[in-house]
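Encoded as structure tokens, the structure appears first; notes follow it.
Derivation of every value follows stated rules applied to the coordinates shown; laboratory data play no part. This is a predicted model, so every value here is computed, not measured. Neighbour counts are summed over all protein chains in view; Cβ atoms, including those assigned to glycine, are modelled from backbone coordinates with ideal geometry.
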Amino acid sequence: MENLYLIYREGFPKDLSRPCIELKDGSILTYKDLEDQSSQYANGFSNLGLKPGDRVSVQVNKSPEVLYIYLACLRANLIFHPLNTAYKDNELSFLLEDANPSLFICEKEVYEKVDTLNLKHPPNHVFTIQIQDKDSIQAIKLAGIHEVVDCSEEDTAALLYSSGTTGRPKGIMLTHGNIGSNAISLKDAWEFTANDCLLHALPIYHVHGLFVALGCVFLSGSKMLWLDSFEVDEVLTQLSKCTVMMGVPTYYTRLINNKGLTSKVTRNLRLFISGSAPLLEETFVDFNSITGHKILERYGMTETNIISSNPINGKRKSGTVGLPLEGQQVRIVNNDDEPVGVDEIGNIQVKGLNVFKGYWKLAQKSKEDFSLDNYFNTGDQGYFDHDGYLIIVGRNKDMIITGGLNVYPKEVESFIDKIAGVHESAVIGLEDADFGERVVAVIVRDEESKVLEEDIISDMKVQMAGFKVPKQVYFTNELPRNAMGKVQKNLLRDKYNQGR
């Protein structure tokens, strides 16, 4: 029996009446609530006719109800498919068509326009998340114990989409074994115990908030203080109740810029963790000088979960993402997949139980991203120093990470290039003190075109998630290219970073 729910269940406290979630208003949800509610949802899914391997797509605002649904999917061996609430209609149409879920759970406003998405294969069942709504997913719940479905560690537990360099998102299949093995490693590496309280202000459509945070809590039988989103003042109010905080670099820069951040406010914390985007050394130093805490930086991606982490007891080196986690093999290779030496920059590859089993319906792409000896090519470049710490120096896939969210330029460029008056575009990431990187578009207009920055941005905001929309648009007569005709984005980054 390798079902991820049972792996989590091993960590639950023997006394299920112990708190698991404390809400902002002070109300408590217990481990028994998790057990009972997930069981009732799993019974309801079975009653709808869902079978192991069916997809359950969920695009809703953050709430404990999503956790019940996630755990219910695990219990029934259904594939949980979380979706960013920022996705617009055209993005949602593609993702639902590609995942082809049997069940779609969404907010009321999306429910009312599902028919306008023009899906060739619409979900068999669509429900809202709203309590008291006549079409609420809560109406399907059935009392009684749901026996956890026996499954293999190779069965897909979750399907998460990450935009690809081809311009179309790719479905990443994460198995029960991928998520479970990584959660065990992280719980041990970060020394989570039943006495911990995690401040959870992350979104839960993302690996960080969904698998990393929840796994550490469930496996240690600890609790979390649950915030709907990251609001600086609210976080500062709640921090003293917690022992651990997980966040993206943007969270920490915003805390630093708030006068309410002091060593007194953070005195009960034993650990601050940062991930999903590179942490600037300046942020590490400033946070340490104000609070006395050294932020622990780690490294991961959707396809691999977490790969490495600075140690909890050993030296935390700013500018590094630490040491490979237990059970993972990480290597730096040249373009011929040959290992390089210490301090030599190369391609980062990883192998282990944490690595996904492939891209949904993209067998050839899956094969291309693995070496002959089954190491996954992360697309990142870096090196190991003499102490074995991993340093990331860049990405060879042009990905932009803004506020902890991934943006692939090709997807954004494909949209911009279709706008009337645009001849061609190049999308780059520029340094940003708040978001780490901000999305910027450099555009060549058609002859005689008078399209303006506000035209581009307003057009995009209607049809694309806000975090993908460029914060700025620059116009130029031509894009710099090398002898092979490839746009030299490094030159654009240099030019516009200096021109801020």
Restricting to Cα pairs below 8 Å that are 6+ residues apart, what does the relative contact order work out to for segment 115-235? Please round to a whole percent. 17 percent
Given charges at Cβ of Lys, Arg, Asp, Glu: the chain dipole, positive-most of 69, 472, 244: 244
Taking R0 as 60 Å, what FRET efficiency do you get between residue 444 and residue 240 from their Cβ-Cβ distance, rounded to the nearest 0.05? 0.70
Based on alpha-carbon centroids, what's the gap between segment 312-380 and segment 416-459 in Å, whole number please? 33 Å
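What GluC sites (Glu not before Pro) does segment 51-115 have in DSSP loop regions with at most 15 other beta carbons within 10 Å?
107, 112
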At a Förster radius of 22 Å, what calculated FRET efficiency corresponds to the Cβ-Cβ distance of residue 257 and residue 315, to the nearest 0.05? 0.20
Footprinting proxy, 116, 243, 253: sorted fewest to most Cβ within 10 Å, the residues are 116, 243, 253
Between residue 463 and residue 229, how many nm apart are label points set 7 Å from Cα along the C-beta direction? 2.5 nm
Packing rank of 383-392, 405-414, where each peptide gets the mean count of other beta carbons within 10 Å, highest leading: 405-414, 383-392
Can you give the translational diffusion coefficient of segment 4-198 in µm²/s, computed by Stokes-Einstein from the Kirkwood radius over Cα pairs at 20 °C and 1.002 mPa s? 121 µm²/s
Applying the gyration tensor rule to the Cα atoms of segment 156-249 (axes a ≥ b ≥ c; rounded if a/c under 1.5, else prolate if a/b exceeds b/c, else oblate), the class is oblate
Please rank 16, 323, fewest neighbouring Cβ atoms within 10 Å first, as an exposure proxy. 16, 323
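List, in the order given, every pair from 88/170; 317/410; 24/141; 51/108; 14/51 whose Cα-Cα distance in the structure shown is over 28 Å.
Over 28 Å Cα-Cα: 317/410; 14/51.
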Which loop-located GluC sites (Glu not before Pro) does segment 263-354 contain, where loop means any DSSP state but H, G, I, E or B and the Cβ has at most 15 other Cβ atoms within 10 Å? 326, 344
Relative contact order (%) - criterion: Cα under 8 Å, at least six apart; region: segment 376-500: 19 percent
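What order do you get for 270, 316, 75 when you list them from fewest to most C-beta neighbours inside 10 Å?
Least crowded to most crowded, the residues run 270, 316, 75.
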Hull volume per residue for segment 63-111, using the convex hull of the C-alpha atoms, in Å³ is 81 Å³
Please give the contour-minus-distance gain from residue 131 to residue 495: 0.36 nm per residue of separation, less the Cα-Cα distance, rounded to one decimal in nm. 125.9 nm
Using alpha-carbon pairs under 8 Å, 6+ residues apart, how would you state the relative contact order of segment 4-198 in percent? 22 percent
For the chain, what is Rg from Cα atoms divided by 2.2 N^0.38 Å, rounded to two decimals? 0.97
